[in-house]
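The values are calculated or read from the model by the stated rules, or taken from the named source; none is laboratory data. A quick note: this is a predicted structure, and the numbers were derived from the prediction, not measured. We place every Cβ from the backbone using ideal geometry, glycine too, and count neighbours over all the protein chains shown. Each accessible area value is taken on the protein alone, full model and side chains, heavy atoms only, with ligands, DNA and RNA left out. Shrake-Rupley method; radii C 1.70, N 1.55, O 1.52, S 1.80 Å.
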Amino acid sequence: MNALVKTICTFVTSSIGRKIIVALTGLCLVLFLAGHLAGNLLIFGGPEWINTYAHGLHSMPEAALWGIRAGLAVIFIIHVWLTIQLKLENHAAREPYVFKNTIKATLSSRYMIYTGLTVLVFLIYHLYQYTLRVGYDPAQFTTFISDGTVETFDVYKMIVTGFSNVWCSAFYILAVLMLFSHLRHGVQSIFQTVGVDSRKIRPFYNFIAIAYGAIICLGFISVPVSVLLGIIK
């Protein structure tokens with residue numbers, strides 16, 4: 001038992017071990033984004049689609065719902081904490097007289113920590129606005145779904161109201177563009193960290209990273225843009 005604990009401690013405190021953990025937690029968050037986007041896009045089906053989806057989520061057993069939220073929060077915190085640790089250690093290890101060769105580095109990789117922190121700030125605001133529903137009066141955002149017997153919070157109306165504010169939509173779009181930059185390098189890093197890295201396959205997973213980031217981000221951006229253009233109203 002002591003040997004197992006020692007091995008685990010050595011792994012999580014080593015640079016390679018922490019990079020693997022960052023990659024795995026990043027993969028979990030990447031997959032979550034796909035699921036979250038799929039739910040968001042239901043708004044194009046009209047109020048009943050998105051409200052039924054939201055009601056289904058909140059109809060889950062409370063312990064299960066909060067368990068999922070807590071699990072995502074732990075994964076996110078570990079990902080952010082270890083990423084910042086590794087960044088600071090990497091910066092401290094550089095000798096001041098050594099030329100920093102960043103010619104081949106992409107903008108996404110060089111500004112990874114900053115785009116990540118921007119997304120973190122946005123996430124806090126996003127949770128404050130749409131999960132905690134601060135500023136939304138339940139009496140004004142209550143609707144009925146299906147046969148009219150099930151009362152639920154009107155998520156459709158809440159989203160339209162929120163994104164009707166140009167500044168709110170602008171901040172959302174800016175954060176999603178930062179997310180694209182973060183995803184582009186992040187997905188590439190996942191492949192590299194788990195050992196899928198060679199000259200032959202590198203162009204392939206670079207394409208996957210850019211394509212995935214573009215699909216996810218264009219999908220998220222389509223909602224506020226549609227609200228502002230009056231397509232969703």
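Output the qualifying pairs, or none if there are none: Cβ atoms under 6 angstrom, residues six or more apart or on different chains, first residue in segment 111-131 and under 14 Å from Ile84 (Cβ atoms), second residue in a helix (DSSP H, G or I) and open to solvent by 70 Å² or more (accessible area, probe 1.4 Å).
Every condition considered, the pairs that remain are Ile113/Lys87.
Here is a yes/no grid of residues against (1) open to solvent by less than 30 Å² (accessible area, probe 1.4 Å); (2) within 16 Å of His36 (Cα to Cα); (3) part of a helix (DSSP H, G or I):
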position	(1), (2), (3)
Tyr172	yes, yes, yes
His182	no, no, yes
His185	no, no, yes
Gln192	no, no, yes
Phe207	no, no, yes
Ala214	no, yes, yes
Val223	yes, yes, yes
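Take segment 1-48 and flag every residue that is touching a residue at least 24 places away in the same chain (Cβ under 8 Å), within 21 Å of Ile77 (Cβ to Cβ) and of a type in the set (Val, Ile, Thr).
Ile20, Ile21, Val22, Thr25, Val30
Tell me which residues, restricted to segment 7-27, are over 19 Å from Leu86 (Cα atoms) and surrounded by 12 or more Cβ atoms within 10 Å (Cβ to Cβ).
None; the set is empty.
Among the candidates Glu48, Glu89, single out the residue that is open to solvent by 40 Å² or more (accessible area, probe 1.4 Å), at pLDDT below 85, part of a helix (DSSP H, G or I) and acidic (Asp, Glu).
Only one candidate qualifies: Glu89.
Go through Phe99, Phe11 for me and flag whichever is of a type in the set (Phe, Trp, Tyr) and either assigned to a helix (DSSP H, G or I) or at pLDDT 90 or above (or both).
Result: Phe11 is the single residue among Phe99, Phe11 that is of a type in the set (Phe, Trp, Tyr) and either assigned to a helix (DSSP H, G or I) or at pLDDT 90 or above (or both).
Among (1) surrounded by fewer than 16 Cβ atoms within 10 Å (Cβ to Cβ); (2) modelled with pLDDT under 90, which single condition is His36 missing?
The failed condition is (2).
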